[in-house]
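First up is the structure itself, then whatever we jot down about it.
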Amino acid sequence: MSKIDHTPLIAPPILCEAHGAPLWLKCENMQQTNSFKARGAWNAVKKLRNPERGVITHSSGNHGQALAWAARMHNIQAHIIVPENAPQVKVNAIRRHGGIIHICAPGIDAREETMNAIRKEGKQTFIPPYNHEDVIEGQRSCGEEIVRDQPDLDFLLVPVGGGGLLSGCALAVNEHTPNTKVYGCEPENADDAKKSFDSGMLHHPGNPNTIADGLRTGLGDITFGYIQKYVTDVFTVSEDEIRNAWAFAVHRLKLIIEPSCAVPLAVWKKHHHYFKGKPGAMVITGGNVDLAKLPSFDESLGFI
């Protein structure tokens with residue numbers, strides 16, 4: 001039996017009124033491990049050929065937590081490589097789920113170097129955070145649920161870091177509701193997906209500095225291929241726009257979410273003229289955030 005939850009799809013009245021049509025939020029903050037990452041991790045662990053070797057990955061938090069959880073559910077060991085700038089709330093969650101944590105310097109190169117050194121000794125199976133067919137297949141279930149619950153959507157907004165969720169959702173939409181347009185949503189400070197999409201060439205993310213910590217990673221070759229084929233466009237937003245959207249979500253929508261989840265909401269706000277009046281949805285990807293760091297909200301400035 002699957003351990004993955006069919007998460008709620010809600011349409012907050014305050015958003016729908018401003019939008020002029022139904023605007024749905026897919027609440028993956030209510031998923032197992034409070035993140036969509038549980039979908040890909042569960043599917044990948046379920047399909048392991050040599051589970052006795054255990055698993056290993058690198059993650060800023062949510063994938064690591066999800067893989068530790070999925071491994072524990074299957075009674076195997078999980079090693080998680082975590083950059084030193086990862087939110088402590090996510091590191092603590094990985095530890096609670098039984099993951100063995102290894103700290104490394106920030107950046108994808110440092111993650112991979114540390115992981116390869118550990119894997120050389122233990123021969124664990126690497127489960128990438130996103131650039132893996134089994135992981136993408138698991139994330140696809142999020143898109144499947146959205147189009148099953150609301151098949152008449154004009155657009156779907158999805159955050160993009162490594163591109164696993166965006167790829168999976170785009171695949172689901174293409175199969176079931178191909179008239180629905182899928183858009184990637186990304187911070188300006190971590191815009192490798194936008195650059196890759198526009199140029200047709202895969203761009204390295206470097207070491208981006210953005211409040212949206214879940215979107216600091218770059219696309220992989222597999223996810224980039226799916227995004228090129230099935231995604232309509234990628235939009236970017238500034239750090240201030242992300243913070244404002246995050247604060248609005250917390251204080252007006254009453255959603256405890258991560259700043260990465262606010263990126264699609266910020267895109268919707270910035271490009272309201274483009275989406276207004278069309279039924280649409282966006283994915284709220286996770287809720288693993290330190291409550292002490294939730295943003296304040298200035299009612300006088302508003303949001304919508």
**Report entry** Within the stretch 128-145, tally of residues that are at pLDDT below 95 and part of a helix (DSSP H, G or I)
**Finding:** 0
Query raised in the report: Taking Arg216, is it touching a Pro at 6+ places or on another chain (Cβ under 8 Å) and free of Cβ contacts under 8 Å to residues at least 60 places away in the same chain?
Result: no
Query - All positions within the stretch 285-304 that are out of contact with any Pro (no Cβ under 6 Å at 6 or more places or on another chain), of a type in the set (Val, Ile, Thr) and within 23 Å of Asn85 (Cβ to Cβ) - result: Val289
Query raised in the report: Does Ile101 meet the test of being closer than 14 Å to Asn62 by Cα and either over 20 Å from the mean Cα position of the chain (by Cα) or assigned by TED's automatic domain parsing to the domain that holds Ala212 (or both)?
Result: yes
Query - Those residues of the stretch 259-304 which are hydroxyl-bearing (Ser, Thr, Tyr) and under 20 Å from Leu156 (Cβ atoms), in sequence order - result: Ser260, Tyr274, Thr285
Report task. For residues that are closer than 29 Å to Ala292 by Cβ, assigned to a helix (DSSP H, G or I) and either β-branched (Val, Ile, Thr) or touching a residue at least 40 places away in the same chain (Cβ under 8 Å) (or both), tally how many sit in the stretch 76-124. Result -> 9
**Report entry** Unique match (being of a type in the set (Val, Ile, Thr) and within 18 Å of Ala44 (Cα to Cα)) among Ile76, Ile103, Ile118
**Finding:** Ile76
Report summary line: Flagged in the stretch 19-41 as hydrophobic (A, V, I, L, M, F, W, C), farther than 22 Å from Ile108 by Cβ and under 15 Å from the mean Cα position of the chain (by Cα), in numbering order, are Leu25, Cys27, Met30, Ala38
Report summary line: Per the filter on the stretch 141-153, residues touching a helix residue (DSSP H, G or I) at 6+ places or on another chain (Cβ under 8 Å) and closer than 17 Å to Gly280 by Cβ are Cys142, Gly143, Ile146, Val147, Arg148, Pro151, Leu153
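So how many residues does the stretch 241-263 have that are closer than 15 Å to Cys16 by Cα and touching a residue at least 60 places away in the same chain (Cβ under 8 Å)? Step through it out loud before you land on a result.
Our first condition is that a residue be closer than 15 Å to Cys16 by Cα; within the stretch 241-263, this holds for 248-249, 252-253.
So of that shortlist, the ones also touching a residue at least 60 places away in the same chain (Cβ under 8 Å) come out as 252-253.
Count: 2.
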Requested in this report: Please work out if Thr7 is closer than 21 Å to Leu166 by Cβ and either at pLDDT 95 or above or not assigned by TED's automatic domain parsing to the domain that holds Glu137 (or both).
Outcome: yes
Query raised in the report: Only one of (1) free of Cβ contacts under 8 Å to residues at least 40 places away in the same chain; (2) buried (at least 23 other Cβ atoms within 10 Å of the Cβ); (3) closer than 25 Å to Arg252 by Cα; (4) not β-branched (Val, Ile, Thr) is not met by Gln32, so which one is it?
Result: (2)
Query raised in the report: Just one of Ile10, Ile94, Ile103 is farther than 30 Å from Phe275 by Cα and surrounded by fewer than 22 Cβ atoms within 10 Å (Cβ to Cβ); which is it?
Result: Ile103
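The values are calculated or read from the model by the stated rules, or taken from the named source; none is laboratory data. Computed from a predicted structure; not experimentally measured. All Cβ positions, even for glycine, are placed from backbone atoms using ideal geometry, and neighbour counts span all protein chains on display.
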